[in-house]
Amino acid sequence: MTNRVEMRGITKRFPGIVANDRISLTLRQGEILALLGENGAGKSTLMNILFGLYQPDEGEIHVNGERVEISGPKTAIRLGLGMVHQHFKLVQPFTVTENIILGMEPKQRLGMDYAKAEKQVAELSARYGLRVDPRARVRDISVGMQQRVEILKTLYRGADILIFDEPTAVLTPQEIHELMEILRKLTAEGKSIILITHKLKEIMAIADRVTVIRRGQVIDTLNVKETNPDELAAKMVGRQVTFRLDKRPASPGKAVLALEGVTARGTGDVLALSGVTLEVRGGEILGLAGVDGNGQSELIEAVTGLRGVDSGRIRLNGEDIAGAAPRPIAERGVAHIPEDRHKRGLVLDFSMSENLVLKSYYKPAYNRGGFLDYAAIDKQAQRLIGEFDVRTPGTHTPARALSGGNQQKAIIAREVDQDPDLLIAAQPTRGLDVGAIEFIHKRLLEQRDKGKAVLLVSLELDEILQLSDRIAVIYEGRIVGFADPATTTDRELGLMMSGSGTAAGATTEAGGDARDQDIPRSR
């Protein structure tokens, strides 16, 4: 089988770290090669070298049998390489067509031949079953559809070798299934794909081979048909990983958080929450399941004081906190692991020490006469870094220098250290490897077992089913039912999330059967 790409002895150093240490790999014609490794293992760095965003310190690259120097993305594109980044590179106000052709616009006399471009985009979309509206504005389409636009961008530029960096991190189960079908169509046409992912289930379902990287070095390359998730996980983290949680039955107590008929508006004055009623009790994990954009973010913002409510009550330990500011809510016992760790969780240019006291820097322990006590702050940071296994060169390292998994551990360390009555965990394992996921799941269960209330908001149905003691499903800003994770399935939850079915034994918030809400049964 022909090798489309060969990377030989690639080494890349950054100050204080060797990101890639003499890495070699091959990508064959018409295959999907999965690139597996922990956060910070060097996967994205290696692919950024292949796409010309970084230059290697040592090693060589061969494309279609010829040694090449990839000085930048333009060179990579000319060689037939395309990259779909984890964080999309789209201009939100532009249309789908405008984003796809940006920089390669077909000309017509003194202007652009927009009709020709739109036709080309429509033809590409139909050919690969992407079903993208060329005239839609990117800001108005779903995250899954935006990813399809990114794929079309690479195909429009003639890519035969595609790199996908964590492509399913923000997709729903249905969108993930559709993406897998798209990848199969691409390889059936002879395209070759490198898939960076932490998700072992996806590797087993779609990849032909898998290269495992640990701490900047290749550990092994295996045929997927000849391995299993346990072996891959062990090779990735260097130890056996426990996929089954040691989870004893919950002992829920009184309601810590109670929402009563909460209504709130979202962006553009559109109703985002409509009469939401639910409660989270001490000693339980309530999982909130739903397709992204159905009110989860607005619900979290209302509880944490980041968004006002139009009507209804939000009670924390019996006290109405609706409309209160974020700091008083936090001081009353609410901790928040935000869904976007970069925008809401960390100040990326601050040191780790500074980030770990973002919620407590003003307190006497760290503030003397209006001046920060950096000795006390560093001592606190050293304690949390050790306790939560945050892998960082030091307490003064900027947060942006850490891997995603270690950034997430730092946020969890800061929030859990507040000893909250209610812990809100929004997408707590998004984009993380199995080792980091195992660590975070154990920490959430520890909070539950201490009698704390945990509200888990996740797009990962496996995570919802595994961790939750009860599941609430949100659809178009309403709680459409509750389900028992012991008796429901991801398929049934998926149907509820789309508003077209119920899970076995599902109930409404009032305790009645889900049929009282006029939601058709799935079977």
Under 1.5 on a/c is rounded, so check that first for region 272-321, then, if it is not, pick prolate when a/b is larger than b/c and oblate when it is not; a ≥ b ≥ c are the square roots of the alpha carbon gyration tensor eigenvalues. oblate
Bridge type composition, the chain - antiparallel percent by DSSP, nearest 5: 60 percent
Contour minus end-to-end for Glu476 and Arg22, with contour as 0.36 nm per residue of separation and end-to-end as the Cα-Cα distance? 158.4 nm
Give, as ranges by residue number, the residues of region 454-486 whose backbone N falls under 16 Å from the point 7 Å along Cα→Cβ of Gln174. 459-461, 473-478, 480
Starting with the fewest neighbours, write out Leu27, Leu372, Leu124 ranked by other beta-carbon atoms found within 10 Å of each beta-carbon. Leu372, Leu124, Leu27
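Please give the charge dipole size of region 255-517, origin at the Cα centre, charges +1 on K and R Cβ atoms and -1 on D and E Cβ atoms. Round to the nearest 20 debye. Can you show the working numbers first?
Details: 29 positive and 38 negative charges, 165 e Å.
Charge dipole, region 255-517, about its Cα centre: 800 debye, nearest 20.
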Residue-by-residue Karplus 3J(HN,Hα) for region 288-302, coefficients 6.51, -1.76, 1.60, Hz, glycine and proline x: 10, 9, x, 5, 3, x, 9, x, 4, 5, 5, 5, 4, 5, 5
From Cα pairs below 8 angstrom and at least 6 apart in sequence, can you work out the relative contact order of region 3-237, rounded to a whole percent? 28 percent
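222 nm [θ] for the chain, helices only, -39500 (n - 2.57) per DSSP H run of 4+, per residue, to 500? List each step's numbers first, then the result.
On the way: 16 runs with 157 residues, N = 523.
Here the helix-only value at 222 nm equals -9000 deg cm²/dmol.
Return a whole-number percent for the relative contact order of the chain, with Cα pairs under 8 Å and 6 or more residues apart as the contact set.
Taking the mean separation of contacting Cα pairs over the length of the chain, I get 14 percent.
Looking at region 350-423, which chymotrypsin sites (Phe, Trp or Tyr not before Pro) are in a loop (DSSP not H, G, I, E or B) and have at most 16 other Cβ atoms within 10 Å? It would help to have the intermediate numbers written out before the result.
Working: sites: Phe350, Tyr361, Tyr362, Tyr366, Phe371, Tyr374, Phe388; in loops: Phe350, Tyr361, Tyr362, Tyr366, Phe388.
Answer in residue order: Phe350, Tyr361, Tyr362.
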Under-17-angstrom lysine pairs by C-alpha in region 3-237, whenever the two are 8 or more apart or on separate chains: 17
Please work out whether region 324-417 counts as rounded, prolate or oblate from its C-alpha gyration tensor, where a ≥ b ≥ c are the square roots of the eigenvalues and a/c under 1.5 means rounded, while otherwise a/b larger than b/c means prolate and anything else oblate? oblate
Would you pull out the residues with amide H under 5 Å of Leu245's amide H, same chain only if 5 or more places away, H placed 1.01 Å from N? none
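By count of other Cβ within 10 Å, fewest leading, how are Lys199, Lys107 ordered? Show your work: numbers first, answer last.
Working: Lys199 24, Lys107 9.
Arranged by neighbour count, lowest to highest, Lys199, Lys107 become Lys107, Lys199.
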Amide H of Gly481 versus every other amide H placed in the peptide plane: which residues, excluding those fewer than 5 positions away on the same chain, fall under 5 Å? Val473
Between Met204 and Asn228, with labels modelled 7 Å along Cα→Cβ, what's the label distance in nm to one decimal, could you check? 0.9 nm
What ³J(HN,Hα) values, in whole Hz, does the Karplus curve 6.51 cos²θ - 1.76 cosθ + 1.60 give for region 451-459 when θ = phi - 60°, with x put for Gly and Pro? x, 7, 8, 10, 9, 9, 10, 8, 8
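Is region 225-304 rounded, prolate or oblate when judged by the Cα gyration tensor, a ≥ b ≥ c being the square roots of its eigenvalues, rounded requiring a/c under 1.5 and prolate requiring a/b larger than b/c? Present the calculation step by step, with values, prior to reporting the outcome.
Values: a/c = 4.03, a/b = 1.78, b/c = 2.26.
Cα axes put region 225-304 in the oblate bin.
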Go through region 126-137 residue by residue and turn each phi into a ³J(HN,Hα) via Karplus (6.51, -1.76, 1.60, θ = phi - 60°); whole Hz please, and just put x for glycine and proline. 5, 4, 9, x, 8, 6, 9, 7, x, 8, 5, 7
Give the distance, in whole Å, between the Cα centre of region 89-106 and the Cα centre of region 342-356. 32 Å
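Could you line up Arg383, Arg414 from fewest to most neighbouring Cβ atoms inside 10 Å?
On the way: Arg383 13, Arg414 23.
In order of increasing Cβ crowding within 10 Å: Arg383, Arg414.
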Region 1-71-region 210-276 distance, computed between alpha-carbon centres (Å): 28 Å
Under a Cβ-only charge scheme (Lys and Arg +1, Asp and Glu -1), can you give me the dipole magnitude of region 3-237 about the Cα centre, in debye to the nearest 20? 460 debye
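Under unit Cβ charges (Lys, Arg +1; Asp, Glu -1), what dipole magnitude, rounded to 20 debye, does region 1-83 have relative to its Cα centre?
Values: 10 positive and 9 negative charges, 32 e Å.
I would put it at about 160 debye.
Count the net charge of all other residues whose Cβ sits under 10 Å from the Cβ of Lys107, scoring Lys and Arg as +1 and Asp and Glu as -1. Let's see the in-between values first.
On the way: positive: Arg109, Lys116; negative: Glu105, Asp113.
Result for the neighbourhood of Lys107: 0.
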Give the separation of the Cα centroids, region 445-475 to region 284-306, in Å. 12 Å
List every residue whose amide H lies under 5 Å from the amide H of Asp57, counting only residues 5 or more places away in sequence or on a different chain, with H placed 1.01 Å from N in the peptide plane. Thr11, Lys12, Arg13
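Each reported figure results from applying straightforward, stated rules to the coordinates on display, with no laboratory input. Being a predicted model, the structure only gives us computed values, none of them experimental. Neighbour counts run over all protein chains shown; Cβ positions are idealised from the backbone, glycine included.
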